[in-house]
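Accompanying notes for the structure given below.
The values are calculated or read from the model by the stated rules, or taken from the named source; none is laboratory data. Owing to the predicted nature of the structure, the values given are computational and were not obtained by experimental measurement. Positions of Cβ are generated from backbone atoms using ideal geometry, with glycine treated the same way; all protein chains shown enter the neighbour counts. Heavy atoms of the whole protein, side chains included, go into the accessibility calculation; ligands, DNA and RNA do not. Shrake-Rupley method; radii C 1.70, N 1.55, O 1.52, S 1.80 Å.
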Amino acid sequence: MSTAQPPHPAASADPATAADRAADRPVDLAGIGVGPFNLSLAALAHGVPALRTAFYEQRPAFHWHPGLLIDGATVQVPFLADLVTLADPGSPWTFLQYLKAHERLFPFYVAERFHIERAEYDAYCRWVSEQLPGLHFDHRVDAVRWDHEYELFEIDFARPGPAADAPASDPAAADAATDEEGRALGRVYARNLVLGVGTEPYVPEPLRPLADAPNVPVLHSSDYLEHRERLLVTGHVTVIGSGQSGAEVFLDLLRNRPLGAEGLHWMARTPAFAPMEYGKLGLEQFSPDYTRYFHTLPEPVRDQLLPRQWQLYKGIAHETLDAIHHELYRRALHSDGWPGAVLTPGVTVRTAGRIAAAQLELHLVHTEQGTRARHTTEAVVLATGYRERRVDTLLAALDPYIRRDASERPRVDADHRLVLDPMIKGSVYVQNAERHTHGVGTPDLGLAAWRSAVILNSLLTDPAYRLPSRTAFTAFGLQPSGRCGTVIGNPHLPDQRSPLTPTRT
Ligand SMILES: Cc1cc2nc3c(=O)[nH]c(=O)nc-3n(C[C@H](O)[C@H](O)[C@H](O)COP(=O)(O)OP(=O)(O)OC[C@H]3O[C@@H](n4cnc5c(N)ncnc54)[C@H](O)[C@@H]3O)c2cc1C
């Protein structure tokens, strides 16, 4: 792809306007949000000198779920699922390069730990983000539109502080006005876009009134560490939610509250505190082969399949469940009787309200028994999960051009590109917003490098990264020809197995 874009005819006519100047220097790819997925893309794009990229992040620096970097908590995927290795093991941005740079390769080798601590993954990503060129932190992107005249995406951002001290690398900021918060406004142009805005904490409706109960700590698990010290000395704490976060918060509180006076209740709607599926063949559903296969399925089949696969992304790591049971047992041993920690699955919080200055009452119903109860507590940790961050405001101007499926969700093609009206000449890619088209692997760090390489290759005439033609032992789907073993949705894979006689039903 050539990068030298002829200046826009109007620009040379009136060089004064910042927009024209900025439009003269469009990037090939602009990224919104710098979480692990767009950081992976930026790191792999760095290996493609022909591609000019810029990434904008509203936060002042890279931080990965800072509220849950609980001591000892590990990433749920092996260290090879870093930002780049599964697409380019020779990249300067691998986790092993990070260890080398911090003289920790030998200790890591001796440690023999395949799953690293979340705090180390966060530090590794920040190490990459502090060195990669083209990352603009403290830049909140407020709007994106397609400029039909320039045939470019126009990206408006706001960043703290007056226009004057805009960094030189910020093409349009120097002439920027300021918004109502006094943030300097800027505009840049790009041929293509990638949305990596991630997820945001989710609080179910009945629990929302809780959140604004003053004096009583009610927090989403994403803010756990900020409130940890207060929770450790609060008389009674309730954790709601049976996912990994809920389990980790409960375990950390259990381990650090007084023996025999644990004052803890862990409750969830699910019928059990269930383990996450971690069987090797089950994990092949987090492979590129499965992602490609899932994308070929009819929309209604995809929509039925996803909720049925809940144990692949909603359960709790075995190790965490074992650690909880072990801690409960240890406490029963050292106190005369059962620890003061109650675990109740199968309950739904119907309503909730404050009953005293520092007390809350949850009105519960048991999903199987149908019985009702009142539960009093002094603090609530809502480990109620996350939802894909809404981008309607951000993309409002592009909305008329976005093709949607029967459920009004954006259609996304196999290369993670929004299906747009052909009037839009550029592409809009999404990262971690396409579970409905690409399946359970969408939020998985294990697919970060591969998806980034797919996106980069689709931008270039000659692919920058050679990707594996096969990534799983399981052959997902059947070829209409009846030749079993051909990986569906993967034009590259030669047929490796003997033809199969079609089964007579
Ligand atoms: C607590 C937790 C632990 C997890 N652990 C694992 C794990 O172990 N293994 C695994 O495979 N997956 C894990 N996941 C799932 C997933 O990998 C993570 O959610 C991951 O952070 C997703 O990365 P992301 O880049 O999509 O989004 P995020 O990390 O959410 O980053 C998105 C970024 O976009 C920025 N942004 C949003 N809007 C704008 C805007 N308008 N302008 C500029 N910037 C913007 C945000 O500030 C944010 O920094 C975990 C998720 C959570 C919540």
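Peptides 409-418, 141-150, ordered by how many other C-beta atoms sit within 10 Å of their residues on average, highest first, read 409-418, 141-150. Based on protein heavy atoms only, the chain ends up with 47 Å² per residue of surface accessible to a 1.4 Å probe. As a length-normalised measure over Cα pairs under 8 Å and 6 or more apart, the relative contact order of the chain settles at 19 percent.
Across the range 348-473 the C-alpha pair distances fall into 10 Å bins from zero in the proportions 10, 27, 21, 17, 16, 8, 1 percent. Surface composition of the chain: carbon plus sulfur atoms hold 56% of the accessible area, using a 1.4 angstrom probe and ignoring ligands, DNA and RNA.
Calculated from DSSP H runs of 4 or more alone, at -39500 (n - 2.57) each and per residue, what is the 222 nm mean residue ellipticity of the chain, nearest 500? Result for the chain, helices only: -7500 deg cm²/dmol.
Per the Debye calculation on the chain with a single equal scatterer at every Cα and no solvent contribution, log₁₀ I(q)/I(0) for q = 0.07, 0.11, 0.13 Å⁻¹ amounts to -0.45, -1.07, -1.35.
Applying 1/(1 + (r/R0)^6) with r as the Cβ-Cβ distance of residue 389 and residue 336 and R0 = 56 angstrom yields a FRET efficiency of 0.70.
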